[in-house]
Structures are given as structure tokens and as C-alpha cells.
Amino acid sequence: MNKLLYLLTFCVISTVSKAQNTVDEKSTIENNTAYFNLERENIHTQFNKTVYTTGETIWLKGYVIDKITGLPNIKSSNIIMELLNSNGEKIDSKLLYSENSTFHGFYNTDKITESGNYSFRFFTNYMNNFSEDESSSYEITIVNPTNYKMDLTSKFNPNKININYYPESGVLLENTDNDIVAEIKDCNGIGSTIKDIEVLNDKNEVVTTFSTNEQGYGKFKLLESKNLEYKIKIKNEQNILQEKVIEKPKKIGYLISINDNFNSETLYVDIKTNKATIATNKTVWLGIQHLDNLNLVKVDFDANTQLKKLAFSKKELNNGITNFILFDEKKDIISERLYYNSKVNSAIEMTNKIVTNDSIKYKFKSNFNLGELSYSIMPSKTLTRPNKYSIHSSLLLNNHLTTEITNSSYYFNNYNRLKHFELDLALFGNKYKYNFLQNINIPTENFKSENGLSLIGKINSETSNKDNKINLLCISTGVSLNTDINEKNEFQFENLVVSDSTSIFLSMVNKKNEVKNFASAFNLVKAKNQFYKPFKAKQTCFDESANKVSFKFPKTDKNTHLLDSIQINKTLVKPKLVNRKNAAYGSSFIDGYKIDDEQVRRYSDVISFIRAKGYNIETSGGNVTITTRTSRSFNQDSTPTILIDNSPLDDFTFLYGMRMDQIDEIYINKRGFGAGSAGRNGVISIFTKRTMGAGKTAFKSSAKNYVCKDGFTPFLPFKNNLSINFNDESFLNFGNVFWNPRTVTNQNGEFEISLPKVNDGALILVLDGINSTGQIISKTIEIQP
């Protein structure tokens with residue numbers, strides 16, 4: 001970075017380490033480099049929106065990068081997602097699978113009946129290696145329409161405000177011009193535009209005035225600050241709302257001031273002091289840091305100079321946060337100043353719109369080539385703030401700071417000169433997460449990255465481990481693996497990618513690939529989901545006296561009403577299904593049938609039952625063929641997957657003549673949810689009665705079945721489970737028109753989206769993305785249907 005320094009004629013600075021320096025610049029730089037030797041993963045997650053009603057599904061897409069290089073990171077495939085309540089208490093966790101640095105998932109809110117603000121936290125086991133918190137957190141709101149008391153309009157409350165002030169670089173210096181940023185927000189961290197705020201001296205004389213922007217930040221200057229107390233006063237026509245006393249300026253110190261013209265390619269950094277400080281004859285160093293990239297500059301002042309000027313090429317500065325820090329010979333920090341260098345160039349334009357009778361296709365052109373995008377489409381009047389968190393704020397801003405800048409997406413959408421200036425104001429009161437002067441304990445790899453799950457087992461019967469292997473079959477993914485049996489009769493499969501409720505089958509085979517009977521004990525090892533960093537819940541306040549807007553919420557189903565309580569006057573007794581949780585790919589998507597006496601009388605055999613449930617069955621000479629009734633292309637397979645007692649059935653002839661009185665339960669999963677490509681034609685799970693064990697027709701399987709209960713969250717296609725009425729106010733406020741976790745741009749940056757024709761009102765398209773070179777994109781675009 002030394003090549004970035006352009007020294008002005010009146011600035012005397014040494015950039016070369018010298019033996020007489022008490023600060024060992026070389027070892028300081030090497031120590032900082034070593035501190036970042038281990039890869040640091042950072043995660044950004046986009047949600048389809050941020051306000052949900054109880055019963056809705058939350059949809060999300062995640063991107064993982066290497067923090068140092070900014071490139072997509074594939075170190076860990078296991079991503080832990082925690083859900084925490086407003087008190088910071090964990091109420092649930094899920095395992096998500098990251099493939100090629102991206103992941104997507106969902107969360108059902110049907111069991112969350114208490115309205116409030118909830119947080120999702122994402123992390124990997126490898127993040128436990130670092131003293132800093134490298135996880136990412138996102139706040140969402142879940143509303144039960146019957147019991148919510150919260151204000152969803154996010155209005156500024158002028159009756160509960162806090163005033164904070166931040167001198168530039170943390171130093172207010174006597175007999176020097178000082179820039180100060182005031183932060184005026186309410187108890188929920190919401191700011192507002194306030195005009196004509198006064199700054200008074202100790203004689204109550206107005207020395208200057210300023211205003212805040214809509215985020216609650218305002219800047220003012222104290223010229224030749226004197227050794228007295230100043231104060232900030234906010235008032236209205238009736239009375240003074242609040243005052244804040246500013247501490248007296250320091251007699252001795254240094255401060256860092258940044259002069260930045262947004263359109264200029266040069267950044268000017270001033271180091272200022274006063275005569276009293278120069279008299280101390282103190283030597284100081286300037287550090288310019290971005291993660292592992294550190295340069296040190298020795299700064300010498302003489303009796304006639306109170307200002308040093310440096311100039312930096314913005315093109316050579318790192319993208320995102322740079323930390324400027326002044327320190328003395330004892331390595332005590334004197335002042336710090338953060339700067340955000342923007343290299344954002346997210347140009348997107350709509351090139352075509354094609355309207356048909358029932359859908360609209362939009363074509364876009366961007367400078368984002370060969371990238372992957374996720375996007376949400378909302379009514380333009382939405383109150384769900386779908387762009388609350390942008391990929392820029394997650395991966396270039398907040399992941400470098402000690403305190404998160406709230407509503408950071410405000411700055412990055414349509415980033416321009418004004419947004420750049422406002423973001424700089426928000427940075428005045430923040431500090432860099434990594435302090436190279438205190439990076440003493442170099443991180444070591446005590447926690448490993450996790451990629452998939454492990455299945456560990458032991459053979460409990462006599463076997464020749466040299467002649468046999470264990471075969472693992474997962475029909476949902478088509479994976480078939482073999483592993484050896486060691487001298488202790490143990491076996492292990494590693495890096496398995498299996499979803500919740502997936503059935504896996506273990507068989508022992510010899511060298512001739514003959515299946516052998518065996519007894520074993522085995523277990524799928526859970527992913528490590530413990531993160532050793534406390535979660536700090538955002539504190540909020542609730543004003544009972546405020547006038548809150550009452551909203552109508554869309555229903556999660558047109559035939560369903562959310563209730564606070566249910567009173568049951570009469571109970572309808574249904575046959576209890578005992579195998580649903582044990583059924584391969586068993587979930588709420590499958591239909592279960594208890595085979596009782598009535599079912600036995602109605603259907604003569606199992607084949608008749610399956611035929612009655614929508615399958616074509618042909619029997620010829622004892623052979624059985626089963627296909628779906630869904631029309632398909634010529635020669636395309638339409639055979640469902642059939643399991644008996646959770647073991648796959650390769651030969652359907654076994655079903656010929658199977659009586660219904662031999663069967664306990666049958667589960668039909670027509671859409672094959674959870675079974676992957678093997679379930680494209682549906683899955684039929686048959687459970688026999690325990691008495692079915694004798695006779696020539698008894699089903700015998702040497703495979704051991706295990707239903708995974710601690711696997712990855714399965715993929716589900718987006719489904720809008722709200723009652724959709726595009727003209728209804730409730731849907732305009734809280735509905736989601738469409739969510740797509742993955743679309744790609746071509747080599748020219750072109751991509752397209754399609755959606756059903758809705759109403760005549762405007763929509764907003766909120767998209768995030770990243771490509772293989774680490775270029776990120778975040779944009780909110782208004783589109784017309």
C-alpha cells in the first residue's frame with residue numbers, strides 16, 4: 001500500500017523502518033499477517049421479506065465468501081441456522097447445506113404463536129476458531145394477527161430520543177477545528193430528519209446549527225475549540241426536548257480528518273494537532289489497515305507544522321472498509337478513523353418486457369457477468385422491508401465493525417454522492433473489529449470445517465472383515481457407496497449429504513457382491529451446532545401511548561383462521577398412524593392409511609389398493625408393472641419408488657398376491673417430496689404387520705434401514721401459502737408475489753425473470769448476488785406489470 005501515498009511538499013514522513021524506531025514496524029506487520037492466516041468465512045443471507053404472519057414459510061438464500069479474498073468460499077458445507085427470540089434465547093436450529101458457496105432453505109412459522117422480533121443467526125463450526133464473532137444475524141418480525149401489540153410502521157418517536165456525539169477519529173482537541181457527528185435516534189434506534197439543532201457554548205450562545213438526515217445523523221464544526229463545555233440542544237415551539245453536554249476538548253492529542261470528494265480518484269487524509277502537543281516532541285505512527293493488508297507510516301511533526309496531509313489513490317485502496325489509526329511509541333492508540341471505499345457499480349437496466357395472457361417476462365442487462373442471483377418480488381407498497389439487509393452491508397461493511405450499522409441497506413441502494421456522505425457520518429462512532437496492535441494471540445485451528453455428515457457403525461456378528469464390505473444406498477440421491485470393515489469390526493462413511501427424514505440402507509456384501517446377513521449398531525453423527533459467542537439481542541421499547549396503525553393481515557390459508565386458543569367440544573377418534581415418523585420421506589406431504597377391517601373388506605389385495613390411489617397396474621404371468629397416471633413423454637420412466645418396511649423393492653412381483661390383512665399401514669407420497677430424483681414419480685411405503693414372518697411369501701431383507709433425523713434441511717420449491725388477492729390491502733402490505741433463490745446471468749450480464757400477471761400497481765424487484773470473481777450486486781428496482 002506504500003505506493004498509494006502521495007506526500008505533499010510540506011509533509012515530512014518516513015515510510016521505511018529504521019533501527020532507532022522504538023516501534024518494530026516489520027514485526028507488527030508480520031504479526032498482523034499471521035493473525036489472518038486461517039480462512040475466515042462470512043455469510044450473507046437474503047430473505048424473501050422480513051415481516052411474516054404465523055403460519056407463513058420464511059424463504060432464504062445464503063452466500064458464503066472468504067473474508068480476505070472476497071471470493072466465494074467452499075471450506076464448509078455445513079451451515080448452522082439458529083432462530084432466537086427477542087430475548088436472545090435459542091428456540092430452534094437447522095442444518096443447511098452449502099454447495100459451491102451458496103445455500104438456500106426455508107423455515108415454517110406455524111409453531112410460533114407469539115408476536116415479536118426474532119433473529120436468524122448463521123455460522124459454521126470453523127468460525128469458533130476466532131475471538132471475533134464472524135457469524136451473521138438478521139432480524140425478522142413474526143406477527144400473530146390475534147395478539148400483536150407491536151408497531152410495524154417503524155416511526156420515529158420524538159418523546160424517547162437519545163443524543164450521542166462522535167468527534168472525528170474519537171478526539172476533540174483544543175485550539176483546533178473539530179468535526180463532530182451527532183446521532184439522534186429514539187429508543188428503537190430509529191432516526192428522523194430534525195432541523196435547526198443548536199450548539200451552544202458555556203454562555204448559552206449559539207455557535208452553530210445543524211440538521212440530521214432521515215437516519216438521525218448530523219454533522220457540525222467547532223472552530224478553534226476552546227477549553228469549555230459545549231452542548232447540543234433540540235427544541236420545538238413549546239419547549240426543549242433534550243440537551244446533551246459535550247465534554248471539554250483535550251489539551252494534547254492528534255486527530256485524523258478525511259477530506260473526500262466522491263467523484264475524485266484521490267482521498268485526502270489530514271493528521272492534525274496543536275502547539276501544546278508539538279511541544280511534547282512525541283513520535284507517532286499511522287497505520288492503514290484492511291484485514292491482513294497493513295502499512296505503517298512514521299509521522300514527524302516540527303515546531304512550525306500542526307497539519308500533515310496525505311493522499312491516497314482510491315483505485316488502490318481495498319474495496320470496503322479501511323481503518324486509519326494513530327498510535328505512539330508505547331503502541332497506545334491515539335485516534336482512529338474509518339473510511340468506506342466504494343467500488344460499487346451495479347448498473348442494471350430493463351431491456352424488454354413480454355406480456356402474455358397470464359404472465360410477464362422481464363429481460364435485464366447488467367455488468368454482473370456469469371453470476372448467481374436470488375430475488376424477491378413484492379408489491380411496491382409493502383411494509384415488509386425486503387431490502388433491509390443488502391449483500392454489500394453484510395460482506396463489506398458490518399462484518400468489519402464492532403457495532404452493526406442499522407438499516408445499512410439504505411446507503412447501498414442507488415449508492416451516490418449523498419449516500420456516500422451519509423454512510424461516512426454513520427461511521428464516525430464506530431471502530432474496526434480487528435486491532436493490529438492488540439492481535440497477540442494468533443488463531444489456531446482448534447475447530448475443523450465440516451462437510452456433510454458421518455455415519456459410524458460396528459458389526460455385532462461374526463464376519464471376515466477382509467472379505468466383506470458395507471454398502472450404503474440412498475435412493476433419494478442415487479448414491480451407492482462402499483466402505484471397508486476394520487479389524488475391530490467398525491465401519492465409517494464420511495461427507496454424507498442426507499436430508500431430514502431420508503432413508504439410508506446398509507447392506508454387507510462379499511467380494512462376489514452377494515448380500516450377507518449381519519447385525520450391527522450404527523449412528524449418523526450430528527453436525528456440531530454450538531457457537532461459542534453470545535448473541536446480543538437488540539433492545540427495543542414499546543410506547544403504549546403512541547397511536548399505532550392497525551393492519552389487516554393476509555390469511556395463511558383461505559379456509560384457515562389463526563386462533564389464540566381452541567376449545568374442543570367433541571373429539572373425532574381416528575386410527576393412529578404409528579409409522580409416519582419412521583417412513584422414508586415421511587412428512588406432512590404424504591397420505592397415510594391405517595389398514596383396518598374396513599380396508600381389508602374393501603380391497604382384495606395390496607395391488608387393488610394401490611390402483612385405487614391413482615396408479616396404473618398391469619399383471620401378466622406373475623409380473624407386476626406399476627406406473628403413474630400422469631401423462632409423460634414417450635419412453636420416459638413413470639415408475640414410482642416402493643418400499644416395504646423401509647427397504648427398497650426392486651421387483652414388484654413380490655406384491656402379487658399380497659393380502660391386505662398382512663399390512664399394517666401404507667403411506668403414499670405422490671409428489672415424492674424429500675426423495676429427490678428417485679421420487680419424481682412418487683413414493684409408496686408399505687409397513688407389514690409383525691405377524692407377517694412365516695410362509696413362502698414372507699418378505700426378507702438383509703438391508704438395515706436408518707431414517708435420518710439430524711440431516712440437512714431439504715430443498716422445497718417456493719410456494720406462496722398466503723391467500724393471494726393482489727388487490728387486497730393486506731396482500732399489498734405483507735404479501736410476497738414471488739421468490740426465486742437461484743437465477744444466473746450470462747457472459748454479457750443478461751438475465752430474465754417471469755411472474756404471473758397480477759394487479760396494475762407497481763412491484764419492486766429486490767435482488768442480491770455474487771459471481772466467481774467476488775463481484776457482488778444488490779439492487780431494488782421498481783417494475784410495472
Just going by the charge dipole of the chain, with Lys and Arg at +1 and Asp and Glu at -1 on Cβ, which of L397, V758, L732 is farthest out on the positive end?
V758
In the structure displayed, which of K250/K431; K26/K67; K555/K757; K361/K757 lie more than 18 Å apart, Cα to Cα?
K250/K431; K26/K67; K555/K757
Under 5 Å from the placed amide H of N367, counting only residues 5+ away or on other chains, we find A347
Cα long-axis angle, helix 417-427 against the chain (0 to 90 degrees, to the nearest 10):
90 degrees
Of all the Cα-Cα pairs you can form in the range 441-499, what percent are over 14 Å apart?
63 percent
What residue among I456, N495, M508 has its Cα farthest toward the positive end of the dipole of the range 453-525, where the charges are +1 on Lys, Arg and -1 on Asp, Glu, each on the Cβ?
M508
Straight-distance crosslink candidates among aspartates and glutamates, where the alpha carbon sits under 17 Å from K226 and sequence neighbours closer than 8 are dropped
E168, E174, D177, D179, D202, E205, E247
Would you mind checking K90/K528; K235/K536; K219/K251; K155/K433; K75/K526; K160/K538 for any pair whose Cα atoms are more than 26 angstrom apart?
K235/K536; K155/K433
In whole Hz, what ³J(HN,Hα) sequence does the range 301-313 give by Karplus (6.51, -1.76, 1.60; θ = phi - 60°), x for Gly and Pro?
9, 10, 5, 9, 10, 10, 9, 10, 10, 10, 10, 10, 7
Cross-link partners of K704 among aspartates and glutamates (Cα-Cα below 19 Å; sequence separation of 8 or more within a chain)
E462, D484, E490, E494, D500, E514, D645, D650, D651
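Which value, in debye to the nearest 20, describes the size of the charge dipole of the chain about its Cα centre when Lys and Arg Cβ atoms bear +1, Asp and Glu Cβ atoms bear -1, and nothing else is charged?
1320 debye
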Net charge (Lys, Arg +1; Asp, Glu -1) of residues whose beta-carbon lies under 9 Å from that of E41, E41 excluded, is 0
Diffing the range 180-185: the Karplus 3J(HN,Hα) column from phi (6.51, -1.76, 1.60, θ = phi - 60°), in whole Hz with x for Gly and Pro, holds 10, 10, 9, 10, 10, 9
List nothing, just return the count: lysine pairs in the range 453-525, 8 or more apart or interchain, with Cα separation under 15 Å.
11
Farthest positive-ward along the chain dipole, Cα basis, beta-carbon charges - from L267, N523, F210
N523
How far is helix 25-35 tilted, in degrees, relative to the longest principal axis of the Cα atoms in the chain, given as a value from 0 to 90 rounded to the nearest 10?
20 degrees
Per-residue counts of other Cβ atoms within 10 Å, averaged by peptide: what ranking do you get for 87-94, 397-404, highest first?
397-404, 87-94
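Each value in this text was obtained by applying a stated rule to the coordinates, not by laboratory testing. Owing to the predicted nature of the structure, the values given are computational and were not obtained by experimental measurement. As a convention, Cβ positions derive from the backbone with ideal geometry for all residues, glycine included, and neighbour counts pool all protein chains shown.
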